[in-house]
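First up is the structure itself, then whatever we jot down about it.
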Amino acid sequence: MTTQETKVRAPFTVKGWHVAAAVVAFFAIVIAVNMVFLVQAYKTHPGQVAAKPYETGLIYNAELERQRVQAALGWRAGAEARGRDIEVLLVDREGAPLAGLAVSALLQRPATEQGRAELKLSEIAPGRYSAPVGLSGVWDARIEATDARGQRLIAERRLTWP
């Protein structure tokens with residue numbers, strides 16, 4: 001008589017290490033997907049921030065046209081923090097000073113809207129304009145100069161006062 005040995009397998013049971021492996025695998029997948037999204041976000045972000053991005057996007061073509069007209073005009077601006085004043089030098093395409101312009105400056109902190117200051121600069125020499133500031137620290141200056149015919153230059157500079 002031959003006996004046939006049949007191996008009977010024990011039914012599958014979930015053990016502790018199965019649960020631990022499943023939990024670790026689940027979180028590994030979630031973290032991997034998050035890392036892919038994070039890397040893609042950093043690669044595609046242009047780094048530009050606008051207070052009102054939708055409105056800025058709508059007027060983008062007008063801004064490009066303004067920059068084209070300004071480049072054709074050929075005016076250049078230089079600005080510096082001098083003592084407790086802001087001083088702006090405006091020249092034309094050939095480097096000749098631009099006299100008789102209405103010049104204003106908007107100063108604001110790079111990281112916040114607090115402390116905005118609007119200034120009217122007065123001409124102290126041909127093409128050289130100045131205004132007392134009385135500020136300290138780092139400020140972004142938006143300088144606007146307009147002549148009698150309505151031609152306008154807008155320049156942005158970062159200035160630092162002690």
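Worth a mention:
- Of all residues in segment 115-133, those that are within 21 Å of Arg93 (Cα to Cα) have Cβ atoms under 7 Å from Cβ atoms of residues that are among the aromatic types (Phe, Trp, Tyr) and open to solvent by less than 30 Å² (accessible area, probe 1.4 Å), 6 or more apart or on another chain, in Glu123/Tyr129.
- Taken together, the residues in segment 25-58 that are at pLDDT below 90, farther than 30 Å from Thr160 by Cα and either more than 21 Å from the chain's Cα centre (by Cα) or among the β-branched types (Val, Ile, Thr) (or both) amount to 1.
- Residues that are farther than 27 Å from Gly95 by Cα and either among the aliphatic types (A, V, I, L, M) or in contact with a Pro (Cβ under 7 Å, 6 or more places away or on another chain) (or both), drawn from segment 46-84: Val49, Ala50, Ala51, Leu58, Ile59, Ala62
- Those residues of segment 140-149 which are without any contact (Cβ under 8 Å) to a residue 40 or more places away in the chain and under 23 Å from the mean Cα position of the chain (by Cα), in sequence order: Asp140, Arg142
- For segment 72-82, the count of residues that are farther than 26 Å from Ser122 by Cβ and of a type outside the set (Lys, Arg) is nonzero.
- Candidates Gly74, Gly78, filtered to the one that is on the phi > 0 side of the Ramachandran plot and either over 19 Å from the mean Cα position of the chain (by Cα) or acidic (Asp, Glu) (or both): Gly74
- For segment 92-134, a residue qualifies if it is of a type in the set (A, V, I, L, M, F, W, C), over 23 Å from Val49 (Cβ atoms) and out of contact with any Pro (no Cβ under 6 Å at 6 or more places or on another chain), and the qualifying residues are Ala96, Leu98, Leu101, Ala102, Val103, Leu119, Leu121, Ile124, Ala125, Ala131, Val133.
The values are calculated or read from the model by the stated rules, or taken from the named source; none is laboratory data. What you are looking at is a predicted structure, and each value in this text was computed from that prediction instead of being measured. In this analysis, Cβ positions are derived from the backbone assuming ideal geometry, glycine residues included, and neighbour counts consider all displayed protein chains. Please note that ligands, DNA and RNA were not included when accessible areas were found on the heavy atoms of the full protein model with its side chains. Shrake-Rupley method; radii C 1.70, N 1.55, O 1.52, S 1.80 Å.
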